[in-house]
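I have placed the structure first, in the form of structure tokens, so that the comments after it can refer back to it.
Laboratory data are not the source of any read-out in this text; all were calculated from the coordinates shown. Because the structure is a prediction, the values reported are computed rather than measured. As a convention, Cβ positions derive from the backbone with ideal geometry for all residues, glycine included, and neighbour counts pool all protein chains shown.
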Amino acid sequence: MMIAAGMSLLSSPAAAFTYQGRLHVLGDPANGSYDMHFTVYDAAVNGQAVSETLKCNAVNVTNSYFNVDLDFKASPALFNGQARWLQIAVKPTGKGLTFDILLPRQPITAVPEAVHAKTAVRL
């Protein structure tokens, strides 16, 4: 399996974001329902898990595209300025298969927060 993805922050600060990705199975766009596990690590390879594993069941994948909201609220110090990578594991929903870990882990990069925009006045 192969994955490409992007992220954007939700309104809840620090540990919540929307993850948008693409999933391919043997080079073809995936379609259907997939169970997915998301874990944040402190390194691109090996390293330590720095979050709990979020389980998203029956994620709809259409023409390879999917969208999930991830909230790591149980790990409040998760995004403390240190580099982080998201590990994703998937399997078709309802299949007794083990999860496939997708490689490489996806880097989680900072998005500037538009604090001023909430109070800006048009002149």
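At-a-glance table
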{"read-out": "Neighbour net charge for residue 52 - beta-carbon separation under 13 angstrom, K R +1, D E -1", "value": "+1"}
{"read-out": "Radius 15 Å from Cβ of residue 42, net charge of other residues (Lys, Arg +1; Asp, Glu -1)", "value": "+1"}
